[in-house]
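To start, the structure itself, in structure tokens.
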Amino acid sequence: MKQLDAYKQIIEEVHEYFGYEEDWRVIPLDDCREYFWKLDQDSYGQGTVGYADSEEELRDQDGNYYEDEIYTQRHLPKWVYRGAEYTMICCDPHVDGNTFLRIFNNALERSD
């Protein structure tokens, strides 16, 4: 199955870009590159990531605004993986037991 081989190769390439190694649990990728986003993380790595369709929605935390807790799985050495152009964050949206490796565009990151 060529499709399965290609899928596996793509996942490996994404993980390699971020320096991420799976351990204990396979967490699915989620493409969030179109969202404006903001990371609120303490010195222990815990916190939240907020993301929205627009800068206004992110700033006002209104409309199509979402916020996930950083998923701090003890088997991983870190939970936020910054690359040159993209950042991957282990996220727990607290919905139906899901967790995701959400990938954000660094150009759309905002701070206070």
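The values are calculated or read from the model by the stated rules, or taken from the named source; none is laboratory data. Nothing here was measured: the structure is a model prediction, and the numbers come from that model. A quick note on method: Cβ atoms are made from the backbone with ideal geometry, for glycine too, and the neighbour counts reach across all protein chains shown.
All of (1) surrounded by fewer than 11 Cβ atoms within 10 Å (Cβ to Cβ); (2) assigned to a loop (DSSP other than H, G, I, E, B) hold for residue 20 with one exception: (1). All told, residue 6 falls short of being small (Gly, Ala, Ser) and surrounded by 18 or more Cβ atoms within 10 Å (Cβ to Cβ). Scanning the stretch 84-109 for residues that are of a type in the set (D, E, K, R) and surrounded by 14 or more Cβ atoms within 10 Å (Cβ to Cβ) yields 92, 102, 109.
With respect to the conditions (1) surrounded by fewer than 18 Cβ atoms within 10 Å (Cβ to Cβ); (2) within 12 Å of the chain's Cα centre (by Cα), residue 60 falls short on a single one, namely (2).
Looking at 49, 26, can you tell me which residue is surrounded by 16 or more Cβ atoms within 10 Å (Cβ to Cβ) and free of Cβ contacts under 8 Å to residues at least 60 places away in the same chain? Matching residue, one of 49, 26: 49. Residue 43 meets all of the listed conditions (1) modelled with pLDDT under 95; (2) in contact with an Asp or Glu (Cβ under 8 Å, 6 or more places away or on another chain); (3) loosely packed, with under 12 Cβ neighbours inside 10 Å but one, namely (2). Looking at the stretch 28-112, the strands (runs of 3 or more DSSP E) lying wholly inside it that each contain 2 or more residues that are under 20 Å from residue 13 (Cα atoms) and among the hydroxyl-bearing types (Ser, Thr, Tyr) sit at 86-92. Determine whether residue 65 is surrounded by 12 or more Cβ atoms within 10 Å (Cβ to Cβ), out of contact with any Pro (no Cβ under 9 Å at 6 or more places or on another chain) and over 14 Å from residue 100 (Cβ atoms). Yes: the conditions hold for residue 65.
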